[in-house]
Amino acid sequence: MPFENYRNSRILVTGGAGFIGSHLCERLLDAGAEVVSADNYFTGSRRNIAHLIANPLFEAVRHDVTFPLYIEVDAIFNLACPASPIHYQRDPVQTTKTSVHGAINMLGLAKRLKARIFQASTSEVYGDPLIHPQTEDYWGNVNPIGIRSCYDEGKRCAETLFFDYWRQHGLPIKVARIFNTYGPRMQPNDGRVVSSFIVQALKGEPITVFGDGGQTRSFCYVDDLVEAIMRLMVTGEDVTGPINLGNNSEFTIRELAEKVIKLTGSRSRLEFKPLPQDDPRQRQPDLTKAKAVLNWEPKVALEDGLKETIAYFKHSLEIA
C-alpha cells in the first residue's frame with residue numbers, strides 16, 4: 001500500500017512500552033495515527049505508556065513477538081527486543097528468538113497485509129569495529145559465540161530476513177542501525193552507561209567505569225532518534241536502508257562520567273573495573289547517508305540531553 005504520512009493510519013509498534021518504543025508511540029499519536037503497542041513487558045513498562053492509555057487512538061496489547069500476531073494495520077515498527085547487555089544476557093536463547101522468530105512473525109504479518117515494515121537494528125551488528133566511524137557498507141567484526149552474540153547475531157539475522165523478504169516478496173522494508181540512545185524512560189537498572197552513571201551519581205555511589213574509561217561512544221538523545229525513524233518510514237520504497245541513526249559526536253566513557261558528576265553536583269568518585277568480554281573500544285556512526293536521504297542530523301547536545309535525563313531519574317527515583 002502507498003504510505004505517505006501517518007495521519008489516519010493504523011500503526012503497530014512492537015516493543016511499544018519500551019524506552020524508545022513509548023516515545024515513538026507518543027510521536028505517532030501526535031502525528032494523527034492510530035497506534036497499537038504490542039509488548040510482553042519483559043523490559044518494557046506500563047509506566048512508559050500510562051499517559052497514553054486515555055487516548056482513544058491508542059491501544060496496548062500484551063503480546064510476545066515470538067508468537068504470531070493477527071491484526072490489521074497499515075504499517076509496522078518492529079522494536080521488540082531487550083537492548084541492554086544485562087537484559088539480553090539474562091535469557092540469551094529468548095533474546096535470539098525475539099530477534100529471529102519475532103522478525104519472521106512480523107514480516108509474515110507485513111507480507112499478508114502488504115504493509116510497510118521498519119526494523120530497529122543496531123550498531124551492535126558492527127561488533128568491535130575495525131573501521132572508524134562505521135559506515136553502512138562495513139560488514140562488522142562480531143564474535144558469533146560470545147556472551148553478546150545472542151543480541152549481535154540475532155539482529156544480524158533479522159536484517160538478513162528483512163532483505164530476503166524484500167528481494168523475494170517485494171516487501172517494502174526500512175532498516176535502521178540504531179547507535180547508543182538515551183533519555184527519559186530508560187530503566188535505572190538496565191546496565192547502560194548513561195542510566196548507570198546517572199543513578200550512581202544521584203545516589204552518591206561510586207561510578208563504575210569499565211576498563212580505563214578511554215573507550216568511546218556517541219550518545220543520541222531519544223527525541224532526535226525518533227524524528228529520524230519517523231522520517232525514514234515515509235521515504236520512497238526505493239529506500240530500504242540500512243541507515244545509521246545516532247549522534248556522531250564522540251566522547252570517552254570517562255568524559256561522560258565527569259559530565260554526569262558535574263551536572264548532578266555529585267561527590268561520587270570513579271571506580272574502575274575490568275572491561276567486559278567483547279565490549280567495543282570505539283563506536284561512532286557515519287551519518288552521511290542519514291543526512292542525504294532523510295535530511296536529518298541530531299540537534300540535542302549531550303549536556304542538554306543529560307539534564308533532561310537527570311531530571312527524569314530524580315523524579316522517578318524520588319531524589320530531592
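The values are calculated or read from the model by the stated rules, or taken from the named source; none is laboratory data. All figures in this text were calculated on a predicted structure; none of them were measured in a lab. In this analysis, Cβ positions are derived from the backbone assuming ideal geometry, glycine residues included, and neighbour counts consider all displayed protein chains. All accessible areas refer to the heavy atoms of the entire protein, side chains included, with ligands and DNA or RNA removed. Shrake-Rupley method; radii C 1.70, N 1.55, O 1.52, S 1.80 Å.
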### Task
Kindly provide the set of residues from region 105-118 that are open to solvent by 10 Å² or more (accessible area, probe 1.4 Å) and assigned to a loop (DSSP other than H, G, I, E, B), ordered by number.
K114
#### Entry: Test: residue in region 154-164 that is open to solvent by less than 40 Å² (accessible area, probe 1.4 Å) and of a type in the set (K, R)
yes
### Task
Considering every residue within region 121-141, establish whether at least one is surrounded by fewer than 17 Cβ atoms within 10 Å (Cβ to Cβ) and in a strand (DSSP E or B).
yes
### Message
So in region 168-203, with the set limited to residues that are of a type in the set (S, T, N, Q) and touching a residue at least 12 places away in the same chain (Cβ under 8 Å), which one is least open to solvent (accessible area, probe 1.4 Å)?
### Response
S195
